[in-house]
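The values are calculated or read from the model by the stated rules, or taken from the named source; none is laboratory data. In this text, all values refer to a predicted model and were calculated from it rather than measured experimentally. Positions of Cβ are backbone-derived with ideal geometry, glycine not excepted, and every protein chain shown enters the neighbour counts. With ligands, DNA and RNA removed, areas are computed over all heavy atoms of the protein, side chains included. Shrake-Rupley method; radii C 1.70, N 1.55, O 1.52, S 1.80 Å.
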Amino acid sequence: ILIIIYVILRAVAQTNINAYQEQLDWLNVEIQVGEVLASTLKALPDDYMIFNNVALNYNGQLTEIDCIVLSCFGIWVVEVKSYKGVIHGLAANEMWSRIKTSKSGKEYDSEIKNPLKQVERQVQILSNVLYRKGIRTTAQGYVVFPVAENVNVDSDKVFLNSSQLKREILSYNQVVLPKDRVETIRGVLTQL
């Protein structure tokens, strides 16, 4: 009886260890992704301001924006997704597919919510929050999959890595926000 109890307890303990290891692996990926994005965006010129993990509440709609980049050339809302594997989707679809290969070589197909829809909603909420503060402006929304193997999506708003995102942000070179408006927006974002 003691041996059976020992075997059962050992199996339960191993299951718990495996579950905790998966959570730890996921957290490590999240940290690495955040560090890569932060270091890439910090390499932007000094007149670009970066706001991470911005919580917004507008008319009861809650959202947390992974990153907002602000400069006189515009505002960019960035959603970072830590999905591994190959991502497939159409911008108009509600769901996308993700094909992931396990360490043993087995392929898994799963669905994920279309993150473009999420970032579009975040852009709209941010615009509404700024509008309530007397600021009429628009923002660009982008999604980055920095640990995915590949992304096959029919949108130029989705990137495989943060270097592509940085290039996109720097491609905007026409001043659209005067310095005083940038400072006003910075003040609003700092208080969120």
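A few comments on the model shown:
- Of all residues in the range 149-192, those being β-branched (Val, Ile, Thr) and under 21 Å from HIS88 (Cα atoms) number 3.
- Residue in the range 170-180 that is most open to solvent (accessible area, probe 1.4 Å), counting only those that are closer than 16 Å to ALA139 by Cβ and part of a loop (DSSP other than H, G, I, E, B): GLN174
- Unique residue being part of a strand (DSSP E or B), at pLDDT below 95 and open to solvent by 50 Å² or more (accessible area, probe 1.4 Å) when the list is ILE50, ILE4: ILE50
- Residue count, the range 96-119 (criterion: open to solvent by 20 Å² or more (accessible area, probe 1.4 Å), out of contact with any Gly (no Cβ under 6 Å at 6 or more places or on another chain) and of a type outside the set (Ser, Thr, Tyr)): 9
- The range 78-97: number of residues that are modelled with pLDDT of 95 or more and not polar (S, T, N, Q): 10
- Single residue of LEU189, LEU160 found to be in contact with a strand residue (DSSP E or B) (Cβ under 9 Å, 6 or more places away or on another chain) and open to solvent by less than 20 Å² (accessible area, probe 1.4 Å): LEU189
- Within the range 125-175, the set of residues being of a type in the set (Phe, Trp, Tyr) and free of Cβ contacts under 8 Å to residues at least 12 places away in the same chain comprises TYR131 only.
- Given (1) touching a Gly at 6+ places or on another chain (Cβ under 9 Å); (2) among the charged types (D, E, K, R); (3) outside any strand (DSSP E or B), index of the condition ARG167 fails: (1)
- Any chance LEU41 is modelled with pLDDT of 90 or more, under 23 Å from ARG186 (Cα atoms), in contact with a helix residue (DSSP H, G or I) (Cβ under 7 Å, 6 or more places away or on another chain) and buried (at least 18 other Cβ atoms within 10 Å of the Cβ): no
- Of the residues in the range 138-150, at least one is over 17 Å from the mean Cα position of the chain (by Cα) and closer than 22 Å to LEU56 by Cβ.
- The range 102-124 residues that are in a loop (DSSP other than H, G, I, E, B), paired with ones that are open to solvent by less than 20 Å² (accessible area, probe 1.4 Å) and not small (Gly, Ala, Ser) (beta carbon under 8 Å, 6 or more apart): ASN114/TRP96
So that you can scan it fast, the table gives a plain yes or no per residue for (1) assigned to a strand (DSSP E or B); (2) of a type in the set (Gly, Ala, Ser); (3) open to solvent by 50 Å² or more (accessible area, probe 1.4 Å):
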residue: ASP46; (1), (2), (3): no, no, yes
residue: LEU56; (1), (2), (3): yes, no, no
residue: ASP66; (1), (2), (3): yes, no, no
residue: LEU70; (1), (2), (3): yes, no, no
residue: GLU79; (1), (2), (3): yes, no, no
residue: SER82; (1), (2), (3): no, yes, no
